[in-house]
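Colleague: Handing you this structure, nothing more for now.
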Amino acid sequence: MRAVLKMVAWRAAFAAPLLVIVTIGMFALAQASPFDPVRQYLGERALVTSPEVAESIRQNWGLDRPVLEQYATWFGNLVSGDLGESRSLHRPVVEIIGDRLGWTLLATGSALVLMFAGSLAVGTLAAWRRGSWLDRAITGGAFANEAAPVFWLGLLAIWIFAVQLDWLPAGGLTDPAAVAIDPADVFTHMILPVTVLAVSQSSWLILYVRESVIGVLREDFVIGARARGLRERTVLVRHALRSALLPFLTLLGARMPELVTGAILVETVFSWPGVAAASVQAALAVDFPLLAALTLLGTAAVLAGNLLADIAYTVADPRVRTLGVS
Amino acid sequence: MTKLLQKSATLCAALALAGAACSAPQLPTGPRDDTFVLGLSSEFDNLSPVLGFSPDGGSLIFDGLMSRSPDLTLRPALAAEPPAVSEDGLTVTFTLKEGLKFHDGKPLTSQDVEYTYEALLDPANNSTIRSDYSAIKDVAAPDPLTVVFRLGHPYAPLVQRTTLGIVPKGTLEKTRPVGSGPYRFVSWTPGDRIVLEANQSYWGGAPAISRLVLAFAPDDNVRATRVRAGDFDATVLPPKAAAGLRGQPGMTVYDVPSADYRAIMYPMTRPVTGDPAIRRALGLALDRQAMVDTILAGAGVPAYGPISPDTRWYEPEVAGATDPAAAGRLLDEAGWTMGPDGVRARNGTEARFTLMYPAGDSLRKELALAAASDAKKIGLLVEPAGLDWDTIEARLGQDAAVMGFGSPYDPDYVNYELFHSDFKGRGFLNPGRYDNPEADRLLEQGRASGDQAERERAYAGFQKVIRNDEVFSYLVFLKHVYVVRGEYDGIVPGVDGHDHATGGLFAGIHTWKPAA
């Protein structure tokens, strides 16, 4: 337990400067953006608005100040807990994130669970039937899937399941004429985005599990277990899969960034009203307060994912527990 | 990063297309007789009139002091009668109806009106429409039913501006508005829909359509498919996307004229475009009817000036015809002689200029290409260039551009800022640096005069001056195409402005009644 606490402390100490560096990078990119936030804010009115009015908006936002001063002001507000107001959505950033984070967590969380369960089953199956046509199909499919861009997969899924077969809705959170949020309605709208996100992220996991289980199946203790006359299923699940899973926990943390970018594309493609879709909108409108908060959130998600993976590893592997991780 | 975003945006459009097709057959399950779904092309930035939400009426949620009929005449809404304007035109006094209430039951008084306008004029609130109201010096509410506007200079169009929705005092609510209009706000799912409910105690009578869903679908094909499938009860479409819906049983297509024009803006200080002969010749060479027929699929009319022929301000003398031969003669007389390469020149200056258009706007692109091909026939070399708005703004003084403006409400709108020399080269205002004291005088007269006949004379004169100088070469007025499913009484097409979200045909939806 002490090892875990020590690790959490270390990571937190590293996270703080890292987040600051991310905000600086983000700020520099926003400054270099060719889009003018005031024009985006004015929209079509930009053509008939007098330059004095545009200038006063610029001043109110502090965009006429030196870059360093703008950053200092923003950072000061951030530290005091004020994320500011979104320029494109005209609402406090905290409120927007509060509204949308739940939908993102629901979709991404479900996708994670589905990805785990599915990949473990499929990967183990491939390892168990190594060399068979089933294994070849799974391995080949996984490679093809890894090469396919997420949005393409999303389009394909929409074309098949929504356009051709007409089984599932193509996007959105609820039916267009619905006036309230009905869980059953949301569930049917969730199936495609969640499955696409899960499938798109699952290739590496399937291949990894397969490889790892194959390796473990050659180990002495598996041969020993078989020699003791244990059932094949017990050998496979209780012995081989269990020990093959260990290193995979660390891999999971390293894969967090891809899950975050995958969520952005999937939410955009399926018009899912989550935070990831909002970040695309914020970027296009040069809505810095919202974009900054969402980028920080993404960074925090990656850091937290890594940390959780390492904690799980520590808990799962007694060797790490005693020797420590550093 | 930008590239990635662009990619995903394109992707979405493609997707949305597919999406519409698929969501079509799964029709709503519940009873939907009372729910009317409007498919809109763009989502509102916010729902606060103070910040610029639907200032010309048609917000459905709010009432202004005055409201606009489809025939563009103003009638009192929150005001009991048309305002009293003082002799010098500097004081405008409104009296409110008695017993007005907001949706939350609180009384609507002159204090709320005062607050709305003061909040709008406060620079700290970053209102996008503040410059439209700059004539107002201050607003006072001497008693609960009286509102007095004091102006910095006589400004006849002020009454037209009072269609602005009135908000309750002390609230700058941007997303959960409380108004006094025919519909009350229920919910807004950003990126998806806004739900409104009929205000049963509306002073103008409760709407027959009791629940209204404003669903946002930016892709034109998506809206076309969804209205065809019955997902949407009404929508607005570009002419080409609406073509397949004409004559379908149970559907009515409305072609509504608008004051929304596209025109070629010329930089007046450059050697080529600064020569009136070049501008007039190109104006003669342009085949506007062909642009309407092919580019707009018939949903438009040729344009020769900034005022729509469908409004009463239009001067009938501002008309024209395509005559390339006359254009050629005009150029010959002005000394632009045809060179061996088919491009005219004068004293070593080639008759060529760049015509900019915003790269993402396919309509303006097609118009620019058509204009360039018409110009080529008379020996002018026009080079279209698709650019982003920031680049276009920076080059407005040097290069011509395809611009779009136009408002049907008052001829002062936009035109003052576009053609008065005070606004020369200030951003998109008077972009070509046009400077004609006669135009200035007529614009000032039209703005200040309180006499309708005098205003009409001023704007008739103004239209002729602009036409004679060919400051812009006007190309087309667009028509907005609406599709409505089912039979309704009370749909009255008017003349649209540039904005047509719920400002056009749908502005009167509270008076629609299902046909018996």
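Colleague: Any residue in the stretch B:185-202 that is of a type in the set (D, E, K, R) sitting within a Cβ distance under 6 Å of a residue that is crowded, with 19+ Cβ neighbours inside 10 Å? List the pairs, counting only those 6 or more apart or interchain.
Modeller: Sorted first by the residue in the stretch B:185-202, then by its partner, the pairs are B:Arg193/B:Val213; B:Arg193/B:Ala215; B:Glu197/B:Arg184; B:Glu197/B:Arg211.
Colleague: Would you please name the residue that is farthest from the other protein chains (Cβ to nearest Cβ), looking only at residues in the stretch B:179-216 that are over 24 Å from B:Arg75 (Cβ atoms), in contact with a strand residue (DSSP E or B) (Cβ under 8 Å, 6 or more places away or on another chain) and part of a loop (DSSP other than H, G, I, E, B)?
Modeller: Of everything passing the filter in the stretch B:179-216, B:Ser210 is farthest from the other protein chains (Cβ to nearest Cβ).
Colleague: Continuing with the same structure: Return yes when B:Val481 is surrounded by fewer than 23 Cβ atoms within 10 Å (Cβ to Cβ), modelled with pLDDT of 90 or more and β-branched (Val, Ile, Thr) and no when it is not.
Modeller: Judged against the criteria, B:Val481 is not a match.
Colleague: Checking B:Lys376 against (1) more than 28 Å from the chain's Cα centre (by Cα); (2) in contact (Cβ under 8 Å) with a residue 40 or more places away in the chain, which test does it fail?
Modeller: Tallying (1) more than 28 Å from the chain's Cα centre (by Cα); (2) in contact (Cβ under 8 Å) with a residue 40 or more places away in the chain, B:Lys376 fails exactly one: (2).
Colleague: Out of the residues in the stretch A:2-32 that are surrounded by 14 or more Cβ atoms within 10 Å (Cβ to Cβ) and not aliphatic (A, V, I, L, M), which is nearest to the other protein chains (Cβ to nearest Cβ)?
Modeller: A:Phe27
Colleague: If you don't mind, another one. Please work out if A:Gly76 is over 26 Å from B:Tyr133 (Cα atoms) and within 26 Å of the chain's Cα centre (by Cα).
Modeller: no
Colleague: From B:Gln398, B:Gln445, which residue is under 24 Å from B:Pro309 (Cα atoms), of a type outside the set (Ser, Thr, Tyr), surrounded by fewer than 23 Cβ atoms within 10 Å (Cβ to Cβ) and more than 18 Å from the chain's Cα centre (by Cα)?
Modeller: B:Gln445
Colleague: What number goes with the only condition from (1) away from chain A (no Cβ under 13 Å); (2) under 21 Å from the mean Cα position of the chain (by Cα) that B:Met265 does not pass?
Modeller: Every condition holds for B:Met265 apart from (1).
Colleague: Kindly provide the set of residues from the stretch B:384-415 that are of a type in the set (Phe, Trp, Tyr) and away from chain A (no Cβ under 12 Å), ordered by number.
Modeller: B:Tyr409
Colleague: If a residue counts only when it is closer than 30 Å to B:Asp435 by Cβ, which strands (runs of 3 or more DSSP E) contained entirely in the stretch B:223-328 have at least 1 such residues?
Modeller: Counting at least 1 such residues, we get B:251-265, B:300-302.
Colleague: Suppose the filter is without any contact (Cβ under 8 Å) to a residue 60 or more places away in the chain and within 11 Å of another protein chain (Cβ to nearest Cβ); does B:Asp233 pass it?
Modeller: So B:Asp233 fails the test.
Colleague: Quickly run through the stretch B:254-293 and pick out the residues that are closer than 30 Å to B:Ile491 by Cβ and in contact (Cβ under 8 Å) with a residue 40 or more places away in the chain.
Modeller: Correct list: B:Tyr254, B:Asp255, B:Val256, B:Pro257, B:Ser258, B:Ala259, B:Asp260, B:Tyr261, B:Arg262, B:Arg288, B:Met291, B:Val292.
Colleague: In this structure, does A:Phe143 turn out to be more than 14 Å from chain B (Cβ to nearest Cβ) and out of contact with any Gly (no Cβ under 9 Å at 6 or more places or on another chain)?
Modeller: Taking the combined requirement at face value, the residue satisfies it.
Colleague: Can you find a residue in the stretch B:65-74 that is under 22 Å from B:Val256 (Cβ atoms) and small (Gly, Ala, Ser)?
Modeller: yes
Colleague: For the condition crowded, with 19+ Cβ neighbours inside 10 Å and charged (D, E, K, R), what is the one hit in A:Glu267, A:Glu258?
Modeller: Exactly one of A:Glu267, A:Glu258 is crowded, with 19+ Cβ neighbours inside 10 Å and charged (D, E, K, R), namely A:Glu267.
Colleague: Of the residues A:Ala54, A:Ala46, which is within 14 Å of chain B (Cβ to nearest Cβ) and at pLDDT 85 or above?
Modeller: A:Ala54
Colleague: Condition first: within 25 Å of the chain's Cα centre (by Cα) and at positive phi. Now tell me which residues in the stretch B:72-108 satisfy that.
Modeller: B:Leu72
Colleague: If I go through the stretch B:164-181 residue by residue, how many of them are surrounded by fewer than 23 Cβ atoms within 10 Å (Cβ to Cβ) and hydrophobic (A, V, I, L, M, F, W, C)?
Modeller: The qualifying residues number 2.
Colleague: Now for a separate question. Among the residues of the stretch B:338-363, which ones are at negative phi, assigned to a loop (DSSP other than H, G, I, E, B) and not acidic (Asp, Glu)?
Modeller: Once the filter is applied, which keeps residues that are at negative phi, assigned to a loop (DSSP other than H, G, I, E, B) and not acidic (Asp, Glu), the stretch B:338-363 yields B:Gly339, B:Pro340, B:Val343, B:Ala351, B:Ala359, B:Gly360.
Colleague: Mind checking which residues of the stretch B:417-454 are outside any loop (DSSP other than H, G, I, E, B), more than 14 Å from chain A (Cβ to nearest Cβ) and touching a Pro at 6+ places or on another chain (Cβ under 8 Å)?
Modeller: Within the stretch B:417-454, B:Ser421, B:Gly446, B:Arg447, B:Ala448 meet the criteria.
Colleague: Restricting to the stretch A:165-181, name every residue that is within 7 Å of chain B (Cβ to nearest Cβ), farther than 16 Å from A:Ser271 by Cα and modelled with pLDDT of 75 or more.
Modeller: Result: A:Asp166, single match.
Colleague: While we're on this one: In the stretch B:464-478, what residues are buried (at least 24 other Cβ atoms within 10 Å of the Cβ) and in a helix (DSSP H, G or I)?
Modeller: Answer for the stretch B:464-478, where residues must be buried (at least 24 other Cβ atoms within 10 Å of the Cβ) and in a helix (DSSP H, G or I): just B:Ile466.
Colleague: Considering only residues of the stretch A:95-136 that are within 14 Å of chain B (Cβ to nearest Cβ) and surrounded by fewer than 18 Cβ atoms within 10 Å (Cβ to Cβ), which is nearest to the chain's Cα centre (by Cα)?
Modeller: Among them, the one singled out is A:Leu101.
Colleague: Residues that are touching a residue at least 40 places away in the same chain (Cβ under 8 Å) and among the β-branched types (Val, Ile, Thr): list the helices (runs of 4 or more DSSP H) wholly contained in the stretch A:175-276 that include at least 1 such residues.
Modeller: Result: A:183-217, A:246-254, A:256-269.
Colleague: Next up: Among the numbered criteria (1) crowded, with 19+ Cβ neighbours inside 10 Å; (2) more than 28 Å from A:Phe14 (Cα to Cα), which single criterion is violated by A:Leu230?
Modeller: Going through (1) crowded, with 19+ Cβ neighbours inside 10 Å; (2) more than 28 Å from A:Phe14 (Cα to Cα) one by one, A:Leu230 breaks only (1).
Colleague: Return the residues of the stretch B:379-411 that are more than 30 Å from B:Glu456 (Cβ to Cβ) and in a loop (DSSP other than H, G, I, E, B); say none if nothing qualifies.
Modeller: Scanning the stretch B:379-411 gives B:Gly379, B:Leu380, B:Asp388, B:Leu396, B:Gly397, B:Gln398, B:Asp399.
Colleague: Inside the stretch A:146-164, can you point out the residues that are under 19 Å from A:Arg255 (Cβ atoms) and more than 8 Å from chain B (Cβ to nearest Cβ)?
Modeller: Hits for the stretch A:146-164 are A:Glu146, A:Ala147, A:Ala148, A:Pro149, A:Val150, A:Leu153.
Residue-wise test of (1) surrounded by fewer than 17 Cβ atoms within 10 Å (Cβ to Cβ); (2) out of contact with any strand residue (DSSP E or B) (no Cβ under 6 Å at 6 or more places or on another chain).
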site: B:Asp233; (1), (2): no, no
site: B:Val256; (1), (2): no, no
site: B:Met268; (1), (2): no, yes
site: B:Thr273; (1), (2): no, no
site: B:Val292; (1), (2): no, no
site: B:Thr311; (1), (2): no, yes
site: B:Pro316; (1), (2): yes, yes
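Colleague: Regarding the stretch A:277-286, can at least one residue be identified that is over 21 Å from the mean Cα position of the chain (by Cα), within 14 Å of chain B (Cβ to nearest Cβ), at pLDDT 75 or above and surrounded by 16 or more Cβ atoms within 10 Å (Cβ to Cβ)?
Modeller: Looking for residues that are over 21 Å from the mean Cα position of the chain (by Cα), within 14 Å of chain B (Cβ to nearest Cβ), at pLDDT 75 or above and surrounded by 16 or more Cβ atoms within 10 Å (Cβ to Cβ), one finds at least one in the stretch A:277-286, hence yes.
The values are calculated or read from the model by the stated rules, or taken from the named source; none is laboratory data. Everything numeric in this text was worked out from a predicted model, so none of it was measured. Note that we place each Cβ from the backbone using ideal geometry, even for glycine, and neighbour counts take in every protein chain shown.
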